[in-house]
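Every read-out reported here was derived from the displayed coordinates using simple, explicitly stated rules and does not represent laboratory data. For clarity, every value in this text was computed on a predicted model and none was experimentally measured. Cβ atoms come from the backbone with ideal geometry, glycine included; neighbour counts cover every protein chain shown.
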Amino acid sequence: MWQFFHKLGSPKWFFGIANRFMPWLLAGGLILLAAGLVWGLAFAPKDYLQGNSYRIIFIHVPSAFLAQSIYIMMASAAVVTLVWRMKLADVFVKSVAPVGLMFTFLALFTGAVWGKPTWGTWWVWDARLTSMLILLFLYGGAIALDRSINDEKSAARAVAVLVLVGVVNIPIIKYSVDWWNTLHQPATFKLTEKPSMAMEMWVPLLLSVLGLYLLFGWLACLRMKTEILVRERRTRWVKELVLAGRK
Amino acid sequence: MAFVIMRDVGIKCPVSILVPDWPSFMHPMPYRRPSLLNGTQMPEPLLQAVGLECERDERLLFQNLSFSILPGTVTRVEGPNGSGKTTLLRILAGLNDAWAGDLSWCGTSISQNRESYLRNMMYLGHRPGIKHLLTPLENLRALMAGRRPLDDDALLQALAGTGLAGFEHVPCRNLSAGQQRRVALARLLIADEPLWILDEVFTAIDADGVEAIETLLLQRAREGGAVIVTTHHDLDLPGMGRITLGAA
Amino acid sequence: MAFESFSAFLAMEGHGPYVWTCYAVFVVLLAGMVFWSAKRHQATYRMCKRSHDQQARKGQAKPKAAATFTRVEISQD
Amino acid sequence: MNVNAPIALKKVDSSVGVFQAMVSVFLRDVRVAFRQRQDLLNPLLFFTMVVTLFPLGVSPEVAFLKQSGAGILWVAALLSVLLSLDHLFRHDFDDGTLEQLMLQPQPLFLLVLAKTMAHWLLTGLPLVLLTPVLGLMLHLDGNSVATLCLTLLIGTPVLSLIGSIGAALTLGLRSAGVLLSLLIIPLYIPVLIFGTGTVAAAAEGAQVSGYLALMGAFLVLALTLAPFASAAALRISLSNS
């Protein structure tokens with residue numbers, strides 16, 4: 001068990017595994033995403049309430065899914081970093097934070113653009129949008145902290161603490177924002193999704209969510225490889241790898 | 001004025017007054033050079049480092065560094081600027097945890113035995129932990145409060161022992177750099193920890209003071225304590241061990 | 001196909017600008033992130049290779065800086 | 001403890017009580033603060049000035065001030081606490097006191113808790129005491145002012161506790177002040193929402209004990225978790241210096 005754990009934390013081992021899986025992740029991700037988006041854009045039926053603007057859902061929902069789950073993944077990796085000091089875990093936290101920030105921004109942006117034809121305004125202080133905005137701040141803080149600490153290992157551990165504190169706060173923030181929303185606004189805007197979606201809308205959505213997850217996996221592997229190269233560049237295995245010309 | 005009292009009545013004086021129940025003081029042990037102990041019965045090392053490795057700002061400071069700190073020794077960590085002396089001392093004190101290797105205190109790993117280790121180790125860094133707005137007495141009292149609370153008489157005596165008599169109630173910002181160091185050094189006169197880790201202990205201290213501290217360190221070793229020290233001052237005590245970093 | 005013609009597909013009954021802006025930003029950002037990450041990976045790899053190649057050529061000799069504290073001569077012509 | 005080294009000093013087994021050590025840390029911070037009274041006044045001045053900006057910048061109308069007074073006071077208090085957080089560990093870090101604190105044999109998180117409580121006593125509590133005066137200037141009625149003070153009394157320790165994590169994480173960094181705000185403000189949002197929400201509920205004549213209990217729960221949560229995070233962050237920051 002411990003040996004397995006140790007192996008799991010070894011950057012060299014990760015390099016091998018990542019190289020084996022990355023082509024599949026990339027190909028699968030692109031195919032699924034393309035299929036989901038084309039289906040959603042061109043073939044799925046029009047929504048009878050919102051018209052064609054609902055087609056933004058095929059990128060909005062996957063982005064929002066990823067934005068939230070990347071933060072949860074970062075928090076899990078942060079626990080591993082702080083408790084077991086596994087090298088790969090803090091590499092993960094550091095590598096995927098900008099990706100998470102990007103997806104949060106995408107979810108917010110697409111949400112705002114979707115709001116214009118649906119609600120008639122770019123921005124409403126809706127509970128969901130507001131929580132997403134706060135998530136954007138949390139990502140921004142983690143990246144800013146990471147950038148301002150010179151030493152990579154200290155930076156990774158500091159970010160791990162911050163992300164953990166953030167993840168404890170997320171349910172509280174979500175709850176309080178919901179409460180604040182009902183306090184200040186009667187529920188006038190409540191039509192983001194119909195309770196039950198037609199099958200023809202549901203399947204492309206599922207495809208694009210899966211595709212984006214796979215693509216994220218590929219991106220994470222690539223960025224982690226970069227980070228590992230930076231950190232381990234003076235080790236013997238990197239030397240052998242580089243001198244042999246393998247990537 | 002420098003260490004007047006200590007030189008007048010002998011360096012043991014403040015210690016003996018303050019720590020009457022100190023067992024090793026009642027039965028002083030002979031000072032033995034650790035190198036002469038080879039083959040005979042070795043005392044158990046207080047602190048043992050095996051294969052220490054530390055990298056800082058992408059620079060390898062040291063690797064495979066192993067040593068034992070025996071009771072009754074003074075060890076000097078030496079090396080040029082930037083060779084990692086301070087970092088090594090901070091690692092030994094448990095302040096820096098970006099290192100690899102094994103570090104054990106009396107046979108058990110420091111990380112497993114942190115509280116007991118901290119109780120038995122005193123660290124003085126080059127930032128001495130003196131608050132400018134407080135007086136020497138208040139500073140010393142606060143520094144000792146978590147380790148060995150003493151009454152004011154003992155604290156005042158220790159301050160007097162470092163030549164600060166008459167300055168006990170002056171805010172530290174009005175003292176000179178050397179005097180501020182002396183406030184921190186007053187802890188050496190009342191500390192009961194067996195292991196002392198002293199970084200740049202002679203900074204801003206005048207010649208008399210240096211001599212007095214050297215005597216104090218030797219006496220501490222004779223009593224069975226262990227001292228690890230860095231300094232740019234030319235320190236060469238009889239029987240002193242050396243750990244050399246960044247050697248060519 | 002939910003649309004009758006390509007132009008209808010582009011117009012999306014007036015919602016076209018919103019939908020297409022979203023998709024454009026999505027694709028541009030995602031592609032940008034992929035491109036940036038790949039480029040950084042390549043740059044890092046090259047940097048590693050260069051330093052190891054240099055070391056392999058020079059052997060293990062490291063330049064050692066010794067402090068001399070001699071004054072630097074500056075010509076005043 | 002098996003120490004059989006023949007010539008070793010006796011190992012020190014006695015240790016100072018945790019509570020005694022905490023009191024000592026607390027008292028030292030209070031004493032240092034009272035030697036430099038200007039620093040105590042600064043957050044209060046800032047608080048007053050920010051509150052003054054709203055009638056000047058938005059509207060001095062009684063109706064507006066009545067409606068937004070609680071929010072203004074809460075935001076101003078939050079910013080004042082934020083402003084003072086930078087000093088929480090900074091001076092101790094610069095003069096080496098923080099190193100010595102970390103080397104004390106007592107659990108670090110409790111010592112950090114003592115420091116944070118001192119910080120609250122020196123910044124949060126004065127803000128609460130000043131609030132009734134400013135509340136009257138913003139035309140809040142007595143009931144609202146009382147509720148506001150109560151929420152601030154429960155809320156400002158939470159601000160100090162959460163803030164201590166940010167202060168510990170940004171210790172010794174360049175532009176630590178701005179970074180600290182970036183990290184901490186998102187975490188302050190729930191406290192702000194419930195603080196102002198409670199006052200709004202009170203103004204409508206609703207029962208507020210439930211809200212106050214919830215804020216109390218925030219305080220308990222922050223008291224139990226924040227010192228651990230701050231202590232961990234301090235170790236990381238000091239390890240890097």
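What the table shows:
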item	result
Principal-axis tilt of helix D:125-137 within chain D, Cα atoms, nearest 10 degrees	10 degrees
Residues C:33, A:199, sorted so that the one with the fewest Cβ neighbours within 10 Å comes first	A:199, C:33
Cross-link table A:87/B:131; A:12/C:39; A:87/D:115; A:87/C:39, entries beyond 29 Å C-alpha to C-alpha	A:87/B:131; A:87/D:115
Relative contact order computed over the range D:19-239 (Cα-Cα under 8 Å; 6+ residues apart), in percent	26 percent
Sequence ranges D:43-50, D:116-123, D:21-28, B:181-188, ranked by mean other-Cβ count within 10 angstrom, highest first	B:181-188, D:116-123, D:21-28, D:43-50
In degrees, nearest ten, helix D:176-203 long axis to first principal axis of chain D (Cα)	50 degrees
Considering only the protein assembly as shown, percent of DSSP beta bridges that pair antiparallel, nearest 5	50 percent
Helix D:142-169 axis, angle to chain D major axis (alpha carbon atoms, nearest 10°)	40 degrees
Average beta carbon contacts from partner chains per residue of C:33-40, 10 Å cutoff	5
The range B:23-244: relative contact order in percent, alpha carbon pairs under 8 Å with at least 6 residues between	29 percent
Simple spin-label estimate for residue A:147 and residue C:54 in nanometres, 7 Å along Cα-Cβ	2.7 nm
Residue-averaged [θ]222 nm for chain A, counting only DSSP H segments that reach four residues, each worth -39500 (n - 2.57)	-27500 deg cm²/dmol
Stretch gain in nm, segment residue D:34-residue D:224, where the contour uses 0.36 nm per residue and the Cα spacing is subtracted	65.6 nm
Peptide B:107-116, shielding by other chains (average Cβ, 10 Å cutoff)	2
Under the span-like rule (Cα at least 24 Å along the axis, Kyte-Doolittle mean at least -1.0), DSSP H helices of chain A	A:11-38, A:57-84, A:87-119, A:127-148, A:152-184, A:199-231
Residue C:6-residue D:146 FRET efficiency (beta carbon distance; Förster radius 60 Å; 0.05 resolution)	0.35
Neighbour net charge for residue B:147 - beta-carbon separation under 11 angstrom, K R +1, D E -1	+1
Shielding by partners, peptide B:185-192 (average Cβ within 10 angstrom, other chains)	1
15 Å beta-carbon shell around residue C:19, net charge (K/R +1, D/E -1)	+1
Over chain A, relative contact order from alpha-carbon pairs under 8 Å, at least 6 apart, %	34 percent
Efficiency of FRET from Cβ geometry, residue A:19 and residue B:63, R₀ 25 Å, rounded to 0.05	0.25
Value at 222 nm in deg cm²/dmol, rounded to 500, when DSSP H runs of n ≥ 4 in chain D each add -39,500 (n - 2.57)	-27000 deg cm²/dmol
Pair residue B:219, residue B:151: separation of 7 Å Cα→Cβ label points (nm)	2.3 nm
Whichever aspartates and glutamates have a C-alpha closer than 15 Å to that of residue A:174, once near sequence neighbours (fewer than 8 apart) are set aside	A:126
